[in-house]
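Contents: one structure, followed by commentary.
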Amino acid sequence: MPDTLTITDNRTGKTYEIPIIYGTYPKYGAAIPAMKLREIKVSDDDFGMLSYDPAFGNTASCKSAVGFIDGERGILRYRGYTIEELAAKSTYLEVAYLILHGELPTDSQLEEWTWNITNHTMVHENVKKFMDGYHHDAHPMGILVSTIAALSTFYPDSRNVTDPEERSRSIYRMIAKMPTISAFAYRHSVGLPYVYPYNKLSYCGNFLNMLFKMTEVRYEPDPVLEKVLDVLFILHADHEQNCSANAMRSVGSSLPDPYCSTAAAAAALYGPLHGGANEMVLRMLREIGSKDKVGEYVKRAKAGEFRLMGFGHRVYKNYDPRAKILKEMAPKVFEVTGKNPLLDIALELEKIALEDDYFVKRNLYPNVDFYSGIIYQAMGFPVSMFPVLFAIPRTAGWLAQWQEMLVDEEQRIARPRQVYTGYDTREYVPMEKRG
Ligand code: ACO
């Protein structure tokens, strides 16, 4: 069987043979090089055929070896390892190494990696001053996005993105400083003094310390909550070519420093249809208010009044495997924190929606944001911090996507085409003749 596609242009009767490209799995990775379509022309001066694909619903913008999703079967893997196994056996820093380097680290590699991340957790005092300038009730995600971009001005050498060593330094800094900036953003928004990193604690332990330390001499993170946060970070580390990863690659393709690209990715994540959804889930559950009101709420969603937040996914047409892990983990959290009363509403909502024809027909299942918000809230995080908690771990994924794009010889500055539907040339109309 030849690995080609034959296209006949019925306008001209000409036939074109186009090669098929495969990834690891022929079933998921078969694609045609879109540039080949340009050969399809009606006449010599014709520009050639484009493919039209609003919102990239069926376009592979890159070859990638970082993450793999089988949306039909509800599978997510980083570098070949299943999310279930990584969540059960690994740590976030190890997973970040895996995502960025392609392999699990050896003992000494992990030690060096952890040392490097741990020793970049401080931010310049001027970053603190910069953050002080925000209004007292500024949304922490807004503070995070702009402060990440501001880091660009503190590390001008990071512009040298073709230098692997410079890239490594930026990667350490970024993964290390995200929790610090995020915690400062939170403390700022509640009017508490900033807490500096304490590097004897784990990545997540230190983050909890910077968030929640009050007057005690040493903050001791609860080991269960520290572990739960680490698992949440593992689950959010990468998700292949989603809206924010695409922003990272697209902005990064014009070769700015990685702080600017990461700020763009974090901005993309902020929207309610992406990483902002966990915040919206909580607001939705609060609005529903009690279990008995769920049926009525679902009816309104079906009537198109609004969408059920935390339901549906562009890729998963099955239960999101991350949501499954979180649902199972939730009771462990509640043993420490006490039960979140919103859980009962969430479980009822899931039950009703999964039995309903509207949701079944459209393959709408809970996504990762459905349960993460309930857990975060029980752990004491304010709702506005939820997208921030998504951005911290996703930084590893963004940076892996960015680095992969930079070394990929097939990549150039990202520049989509358009199908122009506007006017043909018109003559300028003087003001007095405009109706
Ligand atoms: N509630 C009700 N109906 C929905 C929902 C929902 N949450 N999601 C999709 N639908 C319906 C649509 O109305 C549409 O119905 P129609 O065919 O009758 O018009 C159908 O399902 C398909 O929806 P699309 O918008 O075409 O699906 P798309 O793949 O573009 O959207 C998205 C995916 C944005 C995630 C969508 O499901 C949504 O808005 N969900 C709620 C927001 C959310 O939870 N986002 C988090 C995503 S996960 C993440 O980013 C980490």
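Descriptive notes on the structure:
- Conditions (1) assigned to a helix (DSSP H, G or I); (2) hydroxyl-bearing (Ser, Thr, Tyr); (3) in contact with a Lys or Arg (Cβ under 8 Å, 6 or more places away or on another chain); (4) surrounded by fewer than 23 Cβ atoms within 10 Å (Cβ to Cβ); number of the one not met by SER244: (4)
- Selected residue (criterion: farthest from the chain's Cα centre (by Cα)) from residues of region 5-18 that are surrounded by fewer than 12 Cβ atoms within 10 Å (Cβ to Cβ) and assigned to a strand (DSSP E or B): THR15
- Residue in region 117-137 that is assigned to a helix (DSSP H, G or I), touching a strand residue (DSSP E or B) at 6+ places or on another chain (Cβ under 6 Å) and at pLDDT 95 or above present: no
- Matching residues in region 284-341 - criterion: being away from the ligand (no atom under 14 Å from the Cβ) and in a loop (DSSP other than H, G, I, E, B): GLY289, SER290, GLY338, LYS339, ASN340, PRO341
So that you can scan it fast, the table gives a plain yes or no per residue for (1) out of contact with any Ser or Thr (no Cβ under 9 Å at 6 or more places or on another chain); (2) closer than 26 Å to HIS101 by Cα; (3) of a type outside the set (A, V, I, L, M):
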{"site": "ALA150", "(1), (2), (3)": "yes, no, no"}
{"site": "SER189", "(1), (2), (3)": "no, no, yes"}
{"site": "LEU192", "(1), (2), (3)": "yes, no, no"}
{"site": "GLY205", "(1), (2), (3)": "yes, yes, yes"}
{"site": "ASN209", "(1), (2), (3)": "yes, no, yes"}
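- Within region 28-45, tally of residues that are assigned to a helix (DSSP H, G or I) and either hydrophobic (A, V, I, L, M, F, W, C) or over 25 Å from the mean Cα position of the chain (by Cα) (or both): 6
- Applying the criterion of being near the ligand (Cβ under 8 Å from one of its atoms) and under 19 Å from the mean Cα position of the chain (by Cα) to the residues of region 351-377, the residue that is surrounded by the fewest Cβ atoms within 10 Å (Cβ to Cβ) is ASN367.
- Within region 171-185, residues that are polar (S, T, N, Q) sit with their Cβ atoms under 8 Å from residues that are outside any helix (DSSP H, G or I), at 6+ positions apart or across chains, in these pairs: THR180/THR121; THR180/MET122; THR180/VAL123; THR180/PRO197.
- Taken across region 403-412, residues that are modelled with pLDDT of 95 or more and crowded, with 21+ Cβ neighbours inside 10 Å do occur, with at least one present.
- Region 31-47 residues that are of a type in the set (A, V, I, L, M, F, W, C), paired with ones that are surrounded by 15 or more Cβ atoms within 10 Å (Cβ to Cβ) and outside any loop (DSSP other than H, G, I, E, B) (beta carbon under 6 Å, 6 or more apart): ILE32/ILE18; ILE40/TYR16
- Apart from one condition, HIS274 fits all of (1) under 12 Å from VAL368 (Cβ atoms); (2) more than 12 Å from the ligand (Cβ to nearest atom); (3) surrounded by fewer than 22 Cβ atoms within 10 Å (Cβ to Cβ); the exception is (2).
- Exclusive hit being touching a Lys or Arg at 6+ places or on another chain (Cβ under 6 Å), under 25 Å from ASN367 (Cα atoms) and of a type outside the set (Gly, Ala, Ser), set GLU72, GLU84: GLU72
The values are calculated or read from the model by the stated rules, or taken from the named source; none is laboratory data. Here the structure is a predicted model, which is why all the values come from computation and not from measurement. Cβ coordinates were reconstructed from backbone atoms using ideal geometry, including for glycine residues, and neighbour counts include every protein chain displayed.
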